[in-house]
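**Q** Dropping a structure here in structure tokens format, bear with me for questions.
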Number of protein chains: 2
Amino acid sequence: MLDESWQPPAVLVAVDLVILTLRSERLHVLLVERGIEPFRGHHALPGGFLNNAGEDVLAAAHRELREEANLEGARLHLEQLGAYGAPDRDPRGRVVSVAYLAIAPGLPEPVAGTDAAGASWRPVEDVSSGRVRLAFDHRQILADGVERARAKIEHSSLATAFCGETFTVAELQRVYEAVWGVRLDQRNFYRKIQGVPGFIVPAGPNRRTTKGRPARLFRAGPRNALHPPLVRPGSPATNEGNQ
Amino acid sequence: MLDESWQPPAVLVAVDLVILTLRSERLHVLLVERGIEPFRGHHALPGGFLNNAGEDVLAAAHRELREEANLEGARLHLEQLGAYGAPDRDPRGRVVSVAYLAIAPGLPEPVAGTDAAGASWRPVEDVSSGRVRLAFDHRQILADGVERARAKIEHSSLATAFCGETFTVAELQRVYEAVWGVRLDQRNFYRKIQGVPGFIVPAGPNRRTTKGRPARLFRAGPRNALHPPLVRPGSPATNEGNQ
DNA sequence: GTAATAGTGTCTCTTAGACAATATGGG
DNA sequence: CCCATATTGTCTAAGAGACACTATTAC
């Protein structure tokens, strides 16, 4: 290690994006179809190598978001998931990938591709069930991204990033239900949301009409950290078995 | 981007370790004194470059843990914090560092150095207060590591990693108090800990003697996820301001 | 009116936190 | 006994979840 002639090995650094959105009340992820080897024809997360040695990693993520997903960084949450560095994760050689999580408001159209040929929204369920196979270790990266999103909407206002500029409480509830994969009581949800001071704020006297009583419109409030948090159900909080 | 002659830039990949422990009821971090430029003479987190192009990143972290901190990976929690890839973070050139968090049980001695000359435990407070300056972006990495630890001991049994094989409830409480930087009510803490089923289990009829009534000894239980969690205090859970 | 969704109130149970009381060792 | 620490109990208030009820639109 103290050998003066020793030089550390050079590796390639890539970024991969887990871009989540909500379509027809289900969680979707943006996938591209690979046009080159390896894994040609397979689905994969959007991403790519650093442009040049001077490019910041986060900047590269924003660039890929723009190039491959046609999404401007504006108002888009972008958060690092971690580094994936198994030696054999890319058959071309040593590649360490830095993964990012992005949340997009519901886009109805499958995003007109630009750089990558076939970019498309796919239900996350299709991947986790194995119906859609991903290249490299992207299935694991996606799983980590979904778990991060699930945990984050408990304590932060991240869930509003799935919605448009304004939204109803019911729409926000559908976000939680889709991300967590559970059903929530509408009435308790309403009360709980209103109990968190800066989470959502009324957006004008506007209302929206569908079928029943029109709902109030809200927008994301100033508060980013949620107190009290919205805890996802599932664990009955067993309190037995002292000793 | 579709230019066939284009080649992605090669960069160097390093690992950095945030190794935390508890000494005299205060949170400490293991630092080394740099023997070479850049930042010669400054304190830094232990770490180093990948050994060769085939070395796994996590394996490299374990190797550095062994080489620089003289700590075997046995029973040592090691968790990735993330990648740090700002273009100018290392004056020598482009280096992307993957940071890991490790928790060590209280070691009384300053760890006999091996590879790195002066490895020493330093109070985390000395760094966050600016009394000790770290090289590169290591101050930020340390801050991220401490925050990760603070958050993790709420929902996982990670806190027991700060203790030895067996410990008393009071010792475990001191872990929470040191990591969170708060004072907790001993009686409520005891009840809460006991209310989490698999968190800690009694370790024999042994006891330990100091001054007052001897305390029961426990060891880490099988449960890794804590239900219900131990929420850190500090936010009064304001519940006013409907609308 | 009915259907359908939005929003409010109320009840019960669990848990968090304050703090009293008791237990068990060493002087 | 006294002191110090450990362990148990009790009380109160806040939040979670179940669920009845009212409100407001379209038809």
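The values are calculated or read from the model by the stated rules, or taken from the named source; none is laboratory data. Since this is a predicted model, take the numbers as computed values, not measurements. Note that we place each Cβ from the backbone using ideal geometry, even for glycine, and neighbour counts take in every protein chain shown. Please note that ligands, DNA and RNA were not included when accessible areas were found on the heavy atoms of the full protein model with its side chains. Shrake-Rupley method; radii C 1.70, N 1.55, O 1.52, S 1.80 Å.
**Q** Quick one: 3J(HN,Hα) in Hz for the range A:172-184, Karplus 6.51/-1.76/1.60 with θ = phi - 60°, rounded, Gly and Pro as x.
**A** With the stated coefficients, the range A:172-184 comes to 4, 5, 5, 4, 4, 5, 6, 5, 7, x, 9, 9, 10 Hz.
**Q** Leaving out ligands, DNA and RNA, calculate the buried accessible area for the pair A and B with a 1.4 Å probe, summed over both sides, in Å² to the nearest 100.
**A** Buried: approximately 3700 Å² between B and A.
**Q** Using a probe radius of 1.4 Å on heavy atoms only, what accessible surface per residue do you get for the range B:156-239? Whole Å² is fine.
**A** 56 Å²
**Q** Averaged across B:50-59, how many Cβ atoms of other chains sit within 10 Å of each residue's Cβ atom?
**A** Whole-number average of other-chain Cβ neighbours for B:50-59 is 5.
**Q** In nm, one decimal, shortest first: how far is the label point of B:GLU4 (7 Å from Cα along Cα to beta carbon) from the matching points in the other copies?
**A** 4.5
**Q** Taking every pair of alpha-carbon atoms in the protein assembly as shown, what share in percent sits in each 10 Å bin, from 0 to the bin with the longest distance?
**A** 4, 17, 24, 25, 20, 8, 2, 0
**Q** From the P(r) of the range A:9-57, could you give the percentage of C-alpha pairs in the tail past 13 Å?
**A** Tail of P(r) above 13 Å: 68 percent of Cα pairs.
**Q** Residue by residue, what Karplus-based ³J(HN,Hα) values in Hz, rounded to whole numbers, does the range B:11-19 have, using 6.51, -1.76 and 1.60 with θ = phi - 60° and x for Gly and Pro?
**A** After applying 6.51 cos²θ - 1.76 cosθ + 1.60, I find 10, 9, 10, 10, 10, 10, 10, 9, 9 Hz.
**Q** To continue, here is another question. With a 1.4 Å probe and every protein chain kept in, tell me what percent of the accessible surface of the protein assembly as shown is carbon plus sulfur.
**A** Using a 1.4 Å probe with all protein chains present, the protein assembly as shown comes out at 50 percent carbon and sulfur.
**Q** Measuring from the lowest to the highest alpha carbon on each principal axis, how far does chain A reach, largest first, in angstroms?
**A** Principal extents (Cα only, largest first): 70, 58, 36 Å.
**Q** Here is a further query. Explain nothing, just the number: relative contact order of the range B:12-153, from Cα pairs under 8 Å at least 6 residues apart, as a whole percent.
**A** Across the range B:12-153, relative contact order equals 33 percent.
**Q** Placing the label point 7 Å from Cα along the Cα-to-Cβ direction, what are the distances from B:GLU125 to the equivalent spots in the other copies, shortest first, in nm to one decimal?
**A** Label-point separations across copies, in nm and ascending: 5.3.
**Q** Okay, moving on. Based on alpha-carbon atoms only, what is the radius of gyration of the range B:12-153 relative to the globular estimate 2.2 N^0.38 Å? Please list the in-between numbers first.
**A** Working: Rg = 13.9 Å, N = 142, 2.2 N^0.38 = 14.5 Å.
Its radius of gyration relative to the 2.2 N^0.38 Å reference: 0.96.
**Q** In addition: Which far-off residues, 5 or more places away or on another chain, put their amide H under 5 Å from the one on A:HIS77, with H placed in the peptide plane?
**A** Amide H to amide H, under 5 Å and 5 or more residues apart or across chains, A:HIS77 pairs with A:ILE103.
**Q** A follow-up question, please. HN-Hα J couplings of the range A:122-131 from phi, Karplus 6.51/-1.76/1.60, θ = phi - 60°, integer Hz, Gly and Pro as x?
**A** 10, x, 4, 4, 5, 7, 5, 7, x, 5
**Q** Distances from A:GLY221 to the same residue in each other copy, label points 7 Å out along Cα→Cβ, in nm, shortest first?
**A** Those separations, rounded to one decimal, come out as 3.6 nm.
**Q** Where the only charges are on Cβ atoms (+1 Lys, Arg; -1 Asp, Glu), what is the dipole of the range B:156-239 about its Cα centre, to the nearest 20 debye?
**A** In debye, rounded to 20, the range B:156-239 gives about 300.
**Q** Something else: I need the Kirkwood Rh of the range A:156-239: take the reciprocal of the average 1/r across all distinct C-alpha pairs and report it in angstrom. Walk me through the intermediate numbers first.
**A** Details: mean 1/r = 0.0734 Å⁻¹.
Result for the range A:156-239, one decimal place: 13.6 Å.
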